[in-house]
Amino acid sequence: MDDWPEIRQSVARLCAGFPGSYWQEQDAKAAYPTEFVSALANAGWLAALIPEEFGGAGLPLSAACAILEEIHASGGNGAAAHAQMYVMGTLLRHGSAAQKATWLPAIARNELRLQAFGVTEPDAGSDTLSISTMAVRDGDDYVINGRKIWTSRAQHSDLMLLLARTTPKDQVARRTDGLSVFVLDMRDCPGLSIQPIATMMNHGTTSVFFDDVRVPVANRIGEEGQGFRYILSGMNAERILIAAECLGDARFFLDRACDHARTRQVFGRPIGQNQGIQFPLAMAHARAAAARLMVADACRRQEAGERGEAEANMAKLLAAEASWQAGEAALQTLGGMGFAAEYDVERKFRETRLYQVAPVSTNLILAHLAEHVLGLPRSY
């Protein structure tokens, strides 16, 4: 907790203006937290990773982790806006000078939002190389047809980073070829339709349909057919940032549970005096502390320019497990009160459960580690 103290304090002060009652209201209405996201953007926090030359803060990944952790530790939900931190990384690393100059300063000024990340499809799921949404070249445009699912924040984004197939799967030399990345301007986009998906938590996720949607060739990032590589380059940062959110969730759960355990009297004594309450909370703390070390290591490697795929995956895996276990311990500590919306634990419990499934599932992380770290045969 001694890294980036000034940033943490500033973010905590901002979040204090959005207490539990605010998030409860958004959750009850399944509403997007527009006021919170605007405050976050106007304070410059969503532009933390954008270089200074494009109007951002030019901060390292560890600073962005501190921002998101503090949001979650305060009881908020950074998922409403966190994509703007990492999605732009593909543009920053692989976009042309003209593309960067066009979009990054406007994103940094909060004039444009790049929140939507169109990758997953109903028939492909985690098998990204099997997506079928096609982008066919037509003069100076590509014409796109297909469907994406679990495209979060699409209704609250001006731009979408879109992965589509530019060569049919059966015509590529390598499975990783034939996919391209586009920046799609959704503000005036005939043929684009968005359908919200109701979920167990307020995540603003959608299905997106493309019916002869035209996107200029100038909006393609990098070379045609190399999009999968461009997307992969940003996934480590995504996983580390999500892990930081999970660390914040774990802090939130433990703070609420310990406060309750100190003050709640049953049978003439505080329940926190009982080892049946103490031990699960102590174990959750230990697991979160261990996950924090893994997140710090993964972040250090990323900032040093190392690939660090295993470390990023392990950070996300361990932090997601730690936050879920802390939530379980908190819910058990609060008992019936833990199920009451006014205490925020049940809301955060639903929110943090997502991270064992997305943005990459626990099982896929384990399969990656088994194959690429332990040298076991590929399982899929």
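Read the figures in this text as sums done on the coordinates, not as results from a lab. Because the structure is predicted, anything quoted here is derived from the model rather than measured. Ideal geometry is used to build each Cβ from the backbone, glycine not excepted, and the neighbour counts take in all protein chains shown.
Okay, here's what the table says:
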| item | result |
| --- | --- |
| Mean residue ellipticity (222 nm) of the chain, computed from DSSP H runs ≥ 4 via -39,500 (n - 2.57), nearest 500 | -15000 deg cm²/dmol |
| Contour excess over end-to-end distance, with Cα ends at residue 21 and residue 187 and 0.36 nm allotted per residue | 56.6 nm |
| Debye-sum result for the chain in log10 I(q)/I(0), which assumes one identical scatterer on each alpha carbon, at q = 0.07 Å⁻¹ | -0.32 |
| Net lengthening on full extension, residue 362/residue 275 (0.36 nm per residue, minus Cα-Cα) | 28.3 nm |
| For 113, 153, 137, order by how many other beta-carbon atoms lie within 10 Å, fewest first | 137, 113, 153 |
| C-alpha long axis of helix 20-29 to longest principal axis of the chain, angle in ° | 50 |
| Two-site FRET efficiency, residue 137 against residue 339, from Cβ-Cβ distance with R₀ of 41 Å, rounded to 0.05 | 0.15 |
| Angle between the chain longest axis and helix 235-263 axis [Cα atoms, degrees, rounded to 10] | 20 |
| Farthest positive-ward along the range 114-226 dipole, Cα basis, beta-carbon charges - from 146, 216, 176 | 176 |
| Whole-Hz couplings from phi, Karplus 6.51/-1.76/1.60, listed for the range 344-359; x for Gly and Pro | 6, 5, 5, 5, 5, 4, 5, 5, 6, 5, 4, 6, 8, 10, 10, x |
| Relative exposure of 87, 295, 357, judged by other C-beta atoms within 10 Å (fewest first) | 357, 87, 295 |
| Cα centroid separation, the range 331-366 to the range 115-132 (Å) | 25 |
| Whole-number percent relative contact order across the range 173-265, with pairs defined as alpha carbons under 8 Å at least 6 apart | 33 |
| Proximal charge balance of residue 140 [Cβ under 12 Å; K/R count +1, D/E count -1] | +1 |
| Using θ = phi - 60° and Karplus 6.51 cos²θ - 1.76 cosθ + 1.60, couplings along the range 278-288 (whole Hz; Gly, Pro as x) | 4, 5, x, 5, 5, 5, 4, 4, 4, 5, 5 |
| Options 252, 277, 4, ranked by Cα towards positive dipole end of the chain, top entry (Cβ charges) | 277 |
| Cα-based Rg / Dmax (Å) for the range 114-226 | 13.5, 44 |
| Which of 24, 190, 155, positive extreme of dipole for the chain (C-beta unit charges) | 24 |
| Value of relative contact order over the range 9-113, rounded to a whole percent, pairs C-alpha under 8 Å and six or more apart | 30 |
| Acute angle (nearest 10 degrees) that the helix 5-16 long axis makes with the longest principal axis of the chain, alpha-carbon atoms | 80 |
| Residues 94, 72, 372 arranged by fewest to most Cβ contacts within 10 Å | 372, 94, 72 |
| DSSP-assigned coil residues among trypsin sites (Lys or Arg not before Pro) in the range 274-380, each with at most 12 further Cβ atoms within 10 Å | 307, 378 |
